[in-house]
Amino acid sequence: MSIQKLADALGLAPSTVSRALNGYADINVKTRQRVQEAARDMKYRPHPVAHRLATGRNGAIALMTSVRAGNYLDASFAALLSGAAEVLREQGYFAMSLALPVGDGELKEMDRLIEGRLVDGVILARTRTFDSRVALLQERRIPFVTHGRTETNAPHAWVDTDNEQAFYVATRRLIELGHRHLSMINGPESMTYAQLRKRGFLRACSEAGMDQSKISIQHCEVTSQAGERAANEILTGSPQVTGLVCATDSQALGAMSACRQRGIQVGRDISVTGYGNSEAAAYASPPLSTIEHAIVDNGRHLAELLLRVMAGDDLNALNRLEPVHFIERPSIGAMRQAPSRKVRTGTKS
């Protein structure tokens with residue numbers, strides 16, 4: 001059905017119908033409601049190109065992050081997308097995912113998206129301490145919100161989990177269980193969440209009187225393979241370690257594999273914690289202690305804040321720090337007499 005037929009049925013000018021459908025304030029409320037109800041009853045759908053020209057909007061929001069070649073978007077990114085889509089759908093927006101290439105093409109790819117006016121707003125996941133992607137979004141003046149904070153960019157809207165508190169709580173629990181030789185397997189140093197998680201870990205260690213100069217912290221990709229390699233390096237160089245605090249569940253599962261290969265029993269000889277409360281964590285052997293961070297809710301809140309950015313709300317008021325909850329499972333236990341461990345120089349490839 002064309003807009004002309006809808007206008008004829010209502011006895012209105014096509015321009016009036018168009019402005020009513022697109023929410024213009026110069027059309028009174030009763031007329032807008034009448035037009036919208038008739039459009040629904042008559043199953044009218046505006047032509048997408050004409051709608052874009054009339055409103056300046058295309059009805060799409062991009063949830064984007066950067067991914068290294070050969071890696072993939074993980075379950076937490078999909079959960080963010082699911083939560084955001086719930087809220088955006090109610091407001092007539094599509095939510096789409098976009099993976100930017102890490103490296104030289106990253107900003108070029110993002111700028112191509114912005115210059116092409118392919119989306120009305122952006123949700124950027126996994127921020128860096130200084131984030132050139134955030135700087136570009138600010139320069140181009142496109143509405144956006146980030147999942148995670150930055151440390152040096154100009155103020156902007158963000159939603160973040162309380163990463164520092166999460167790792168303070170997890171580390172404190174191991175200390176309460178008697179562990180005094182702890183190490184951390186963390187994400188890449190450039191990522192803001194990794195800095196915050198390290199801060200929480202070290203704060204708990206400091207309060208317990210532990211010498212930070214003797215604490216090993218390995219930075220690596222947030223994969224099981226990287227976690228396994230990091231754990232092997234830690235256990236080779238510091239065989240006295242009885243607790244591994246990992247930045248993600250995937251890293252923790254890799255670390256548990258490294259322990260099994262060495263005959264170290266997780267939950268008895270060594271305690272391991274993760275982050276994310278993934279399905280794999282619950283079914284690990286033993287089940288993995290982890291941090292629940294309500295990632296779908298994070299996605300909903302990101303969409304809500306982005307809509308407020310698009311409505312012109314004050315950016316300084318558009319920040320949300322999400323609570324976290326430690327889930328204790330059998331991968332951690334009370335400190336026992338440290339077993340004799342053979343130092344291995346080889347690692348699984």
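The values are calculated or read from the model by the stated rules, or taken from the named source; none is laboratory data. Everything numeric here is computed off the predicted structure, so don't read it as measured data. Reconstructed Cβ throughout: ideal geometry from the backbone, glycine too, with neighbour counts over all protein chains shown.
Observations on the model:
- Failed item in (1) more than 17 Å from the chain's Cα centre (by Cα); (2) modelled with pLDDT of 95 or more; (3) not assigned by TED's automatic domain parsing to the domain that holds Val245, with Thr146 passing the rest: (1)
- For the range 235-262, taking the residues that are of a type in the set (Gly, Ala, Ser) and assigned to a loop (DSSP other than H, G, I, E, B), the one that is modelled with the lowest pLDDT is identified as Ser238.
- Test: Thr129 is within 18 Å of the chain's Cα centre (by Cα), of a type in the set (Ser, Thr, Tyr) and not assigned by TED's automatic domain parsing to the domain that holds Gly209: yes
- Counted residues, the range 124-147 - those being part of a helix (DSSP H, G or I) and not aliphatic (A, V, I, L, M): 5
- Subset of the range 3-24 that is loosely packed, with under 15 Cβ neighbours inside 10 Å and under 20 Å from Gly59 (Cβ atoms) - its residue that is farthest from the chain's Cα centre (by Cα): Tyr24
- Residue pairs whose Cβ atoms lie under 8 Å apart, separated by 6 or more positions or on different chains, with the first residue in the range 247-266 and under 19 Å from Ser278 (Cβ atoms) and the second aromatic (Phe, Trp, Tyr) and outside any helix (DSSP H, G or I), are Ala247/Tyr275; Thr248/Tyr275; Asp249/Tyr275; Ala252/Tyr275.
- For the range 22-45, a residue qualifies if it is over 26 Å from Ser82 (Cα atoms) and modelled with pLDDT under 75, and the qualifying residues are Asn22, Gly23, Tyr24, Ala25, Tyr44.
- Single match in Arg268, Arg199, Arg203 (criterion: within 26 Å of the chain's Cα centre (by Cα), farther than 29 Å from Asp74 by Cα and surrounded by fewer than 22 Cβ atoms within 10 Å (Cβ to Cβ)): Arg203
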